[in-house]
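In what follows, a single structure is set out as structure tokens and then discussed.
The values are calculated or read from the model by the stated rules, or taken from the named source; none is laboratory data. Everything numeric in this text was worked out from a predicted model, so none of it was measured. Because the Cβ atoms are built from the backbone with ideal geometry, glycine has one as well, and the counts that use them run over all protein chains shown. Side chains included, ligands, DNA and RNA excluded: accessible areas come from the protein's heavy atoms. Shrake-Rupley method; radii C 1.70, N 1.55, O 1.52, S 1.80 Å.
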Amino acid sequence: MRKLLLSSIIVIVAIVYIGRLSYLQLLDNTNKNPLDDTAIKAVYDYPERGYIYDRNGELLVANQPSYDVMVIPRDVKPLDTVEFCTLLNISKEDFSRKFEKAYTYSPRLPSVFVPQLSKKEYAILQEKMRKYEGFYIQKRSLRHYMTSVGANILGYISEVNDWDLKEYSYYQSGELIGRQGVEKQYEEVLRGRKGVKFIQKDRFNRVIGPYKEGIYDTLPVPGKDIELTIDNKLQAYGEKLMIHKRGGIVALDPKTGQILALVTAPNYDPDLLVGRKRSKNYTELYYDSIAKPLYDRALNATYPPGSPFKTVNALIGLQEGVIDEQTTFTCYHGYRYGRNSFMGCHCPYGSVNNLDRGIYMSCNAYFANTYRRIIEKYPSAAEGMDAWQKHVESFGLGNYLGYDLPTGQSGKVPDEDYYNLIYGPKRWFATNTLSNAIGQGEVLTTPIQLANLTATIANRGYYFTPHIIKKIENDTIAHKFVEKHQTTVDPQYFEPVVEGMRDVYEKGTAQWIKIPDISMAGKTGTAENFTKINDKRVQLTDHSIFVAFAPVEDPKIAIAVFVENGYWGSRWAGRIAGLMIEKYIKGEITRTDMEEYVLNGSLEEEYAKPLSGKSFTINDGKFIKWPVKDTVNIKVPNNDKPIP
């Protein structure tokens, strides 16, 4: 009986194993990869990448045909390498290097051997491909740029590298992936999904038909078209204004957070990074360590915000109840504090300024007093700094904002921990941090953050996350782009600050760069600029900064302009901001005098100063003394010296 039981168990186990193995081999296809079989070859069918349009439906990026010579190293048979190399215009050394790289990647899988043949090269080679076993031609599509601007926004595509292959299982060696800008951010949307056909070969390596009657084959899914928020005409105009200058321009629609223009200067023609010339051109751009055309200053460059930051301190002061519209402070060409510290100002000696005048005259003394009152309202400087920091960050400063572009900097808003590290706990006071009052302290902002701050003021207290995507074909954009972000300052406190910014144009530091028939609110600014020369900290000409929005009653555009080494805020940045606003609202330029000044102007000489090896002086314009006491109706002198 025991022998019978043991024999039965053995038979049952054997039947179970045989049945399971038969099922796995003959019936179950779960997780089976046809390419595990060496007799199977995959032929990929690449879809067209999605088109890119601007907000007005103007086509920015389309596709053009491209042809890659592919190789499956295991299938290569002896060939006339001299003839083959001549046809491909490569050397025998190139042939060996490319073949070794492909073999290292995979002997059985296809790799790109020579990418992006021209139509002429393809026509010549196609007739002779039958002679070169293991090689074949794969048709793809490359980008065709219909615009010469916005390279920092659009990005580019290039072959996947080793890191990409490890990170993303979707890609095979030689395939293309989005780099930078929209091409990278919306890669999965734009690329679509490649199709594949599995071909079965016999033991003589001859094709005998589709594998398993094509049950694993898939059709390609075209990439989706997308529409950007960018106004391409405004973008092109901004890049034109920034020729021979360095810096950034960011224009937003305050009502939606849509990015209307995102200019970085200098920039480059996106067509430079297409085709076989891409690698050479990219190398030249990458190693330009002086102009840095690949560096997106609109998103990555951090600058002290300068005087535009005074509006934030005004709003915090009103919210905290330490000032009101009628609060006045006397300016004695500046503000003296601490033991021997003095913050200079350009206001006439003994001028008495209220909030409105403090803004349009950009009085340093007014905002130094306001800042001290904010910090000293609390029992300790640390508590005051904590309250101030929370207010500042509610305007989107000190963080990445959450926009849909793959690069950027968070900027900086100092806090209690920062000053404890520098001075020690309970060993610092409001006076140690007073430069924060005028945007010259430890606060750092990017152009897009300052544009978002301006949009927040235009909206009287809230903003939408800045974004570049307007529409995705048969899809919706992220919900976060339609959510309001409210500041910690109540709406009623914004109106007096807006009026002060309006008066910047009416009787203040930008009165001579007004645009006819457009009500505008703005704020000039300069930011100190330092560099290292021979390990010594050297001051260069200040950065020119300007923020504005218009129309004041119904804002349609908010803008921030940074021009590196641009002297005063109104000299370069103010003019550029005004021209951009007029271009967007009117569609034409009436201030041709300002346009001519900007288009014909260059700051290349300023940028060359630190490289020349010669001594130089700076001209930041911060301490200009005006010969008149009543500055309400100042006539601007012809030598272009603005009220700083």
Looking only at residues in segment 49-97 that are open to solvent by 40 Å² or more (accessible area, probe 1.4 Å) and assigned to a strand (DSSP E or B), which one is modelled with the lowest pLDDT? Pro65
Restricting attention to segment 253-295, and to residues there that are out of contact with any Leu (no Cβ under 7 Å at 6 or more places or on another chain) and open to solvent by less than 10 Å² (accessible area, probe 1.4 Å), which single residue is nearest to Pro555 (Cα to Cα)? Pro254
Tyr132 being open to solvent by less than 20 Å² (accessible area, probe 1.4 Å), within 23 Å of Ile199 (Cα to Cα), of a type outside the set (Asp, Glu) and without any contact (Cβ under 8 Å) to a residue 60 or more places away in the chain: yes
Just to verify a result, which residue in segment 580-594, among those that are within 14 Å of Trp512 (Cβ to Cβ) and touching a residue at least 40 places away in the same chain (Cβ under 8 Å), is surrounded by the most Cβ atoms within 10 Å (Cβ to Cβ)? Met594
Which residue is most open to solvent (accessible area, probe 1.4 Å), if the candidates are limited to segment 98-112 and must be over 16 Å from Cys85 (Cα atoms) and without any contact (Cβ under 8 Å) to a residue 40 or more places away in the chain? Lys101
May I ask you to list the residues in segment 175-192 that are open to solvent by 10 Å² or more (accessible area, probe 1.4 Å) and among the small types (Gly, Ala, Ser)? Gly192
Could you check segment 356-385 and list, in sequence order, the residues that are polar (S, T, N, Q) and either touching a strand residue (DSSP E or B) at 6+ places or on another chain (Cβ under 7 Å) or under 18 Å from Phe494 (Cα atoms) (or both)? Ser362, Asn364, Asn369, Thr370
Of Glu483, Glu499, which residue is of a type in the set (D, E, K, R), free of Cβ contacts under 8 Å to residues at least 40 places away in the same chain and open to solvent by 60 Å² or more (accessible area, probe 1.4 Å)? Glu483
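With the structure loaded, tell me whether Gly223 is assigned to a loop (DSSP other than H, G, I, E, B), among the small types (Gly, Ala, Ser) and over 30 Å from Gly384 (Cα atoms) or whether it fails that test.
Judged against the criteria, Gly223 is a match.
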If you go through segment 113-136, how many residues are farther than 15 Å from Cys85 by Cα and either part of a strand (DSSP E or B) or under 32 Å from the mean Cα position of the chain (by Cα) (or both)? 1
When you scan segment 419-434, do you find a residue that is in contact (Cβ under 8 Å) with a residue 40 or more places away in the chain, surrounded by fewer than 16 Cβ atoms within 10 Å (Cβ to Cβ), part of a helix (DSSP H, G or I) and of a type in the set (Lys, Arg), even just one? no
Conditions (1) in contact (Cβ under 8 Å) with a residue 40 or more places away in the chain; (2) assigned to a loop (DSSP other than H, G, I, E, B); (3) out of contact with any helix residue (DSSP H, G or I) (no Cβ under 7 Å at 6 or more places or on another chain); number of the one not met by Tyr170: (1)
Under the condition of being in a loop (DSSP other than H, G, I, E, B) and among the β-branched types (Val, Ile, Thr), which residue from segment 297-345 is surrounded by the fewest Cβ atoms within 10 Å (Cβ to Cβ)? Thr328
